[in-house]
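Undergrad: One structure coming up, written as structure tokens, with questions to follow.
Bear in mind that the values in this text are calculations on the coordinates, not laboratory data. Note that the coordinates shown come from a computational prediction; the quantities given were computed from them, not determined experimentally. A quick note on method: Cβ atoms are made from the backbone with ideal geometry, for glycine too, and the neighbour counts reach across all protein chains shown.
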């Protein structure tokens with residue numbers, strides 16, 4: 001599973017720099033931070049809703065070393081995009097740990113999440129995903145932004161930064177049916193999508209009753225880096 005370091009650190013840094021430059025050319029500035037309270041206040045101001053329990057500083061005990069967030073700012077100073085990443089070490093597997101984490105964090109925030117099934121469908125990829133895992137959430141890009149490639153570049157920049165920071169075995173995320181059916185996770189850098197990883201009888205407002213699992217394993221992220229590096233040469 002885990003390896004000591006990423007395969008091509010120079011390539012990863014080169015691609016990150018290129019993505020950041022491309023985003024700036026589109027007209028947006030990229031900022032990163034590790035203050036979870038600041039992420040929450042920024043999302044409240046921008047989207048009029050708080051962060052999910054995964055990134056709520058009131059219920060999560062992670063230190064700044066296990067978390068970072070990013071924002072896009074337009075030329076006018078408006079926040080036009082958000083995303084966040086958290087690191088966890090999982091010694092069982094994502095199929096067992098992921099649903100329990102989700103329900104447990106919601107309970108700490110006094111939110112009710114009632115699953116329809118105790119575990120993901122049999123033979124889910126989550127049964128073999130374990131080790132150093134990074135969860136990617138709070139992803140939002142202002143729908144008024146017309147450049148379709150901004151979402152892809154912003155997500156991939158964050159994913160590669162998480163690889164450099166933590167060298168995870170996998171990056172995972174949850175998405176709605178609508179996002180999955182439109183192929184957004186694939187353009188964001190995820191190579192695997194699975195329907196019904198989380199299925200809810202009752203869920204917090206704004207959460208789909210059927211959530212898709214998106215996975216990018218380390219080797220897939222490194223392949224993406226190599227492909228992007230080659231395409232810019």
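Undergrad: Using Cα centres only, tell me the gap between region 154-174 and region 55-118 in whole Å.
TA: 14
Undergrad: R0 = 35 Å: FRET efficiency of residue 38 with residue 148, Cβ-based, nearest 0.05?
TA: My answer for the efficiency is 0.80.
Undergrad: So what's region 129-206 giving for Cα Rg divided by 2.2 N^0.38 Å, two decimals?
TA: With N residues counted in region 129-206, Rg over 2.2 N^0.38 Å equals 1.18.
Undergrad: From the Cα gyration tensor of region 69-206, with a ≥ b ≥ c the square roots of its eigenvalues, which class applies: rounded if a/c is under 1.5, or else prolate if a/b is larger than b/c, or else oblate?
TA: Taking the square roots of the gyration eigenvalues as a ≥ b ≥ c, region 69-206 is prolate.
Undergrad: Hey, any idea what the orientation-averaged projected area of the convex hull of region 176-217's Cα atoms comes to, in nm²?
TA: 3.0
Undergrad: Computed FRET efficiency, Cβ-Cβ of residue 178 and residue 78, R0 25 Å: what is it to the nearest 0.05?
TA: 0.50
Undergrad: Would you mind telling me which residue in 101, 19, 174 has the biggest mean-square fluctuation in a Gaussian network model of the chain, where springs connect alpha carbons within a distance under 10 angstrom?
TA: Answer for the Gaussian network model of the chain: 101.
Undergrad: Still on this model: For a quick protection proxy, order the peptides 183-192, 159-168 by their average other-Cβ count within 10 Å, most packed first.
TA: Descending packing order for the listed peptides: 159-168, 183-192.
Undergrad: For the chain, give the share of DSSP beta bridges that are antiparallel, in percent and rounded to the nearest 5; count only bridges with both residues there.
TA: 90
Undergrad: Before rounding to the nearest 500, sum -39500 (n - 2.57) across all DSSP H runs of length at least 4 in the chain and divide by the residue total; then give [θ] at 222 nm in deg cm²/dmol.
TA: Helices in the chain give a 222 nm mean residue ellipticity of -12000 deg cm²/dmol.
Undergrad: Evaluate E = 1/(1 + (r/R0)^6) for residue 29 and residue 231, where r is the Cβ-Cβ distance and R0 equals 30 Å; express this FRET efficiency to the nearest 0.05.
TA: After rounding to 0.05, the efficiency reads 0.80.
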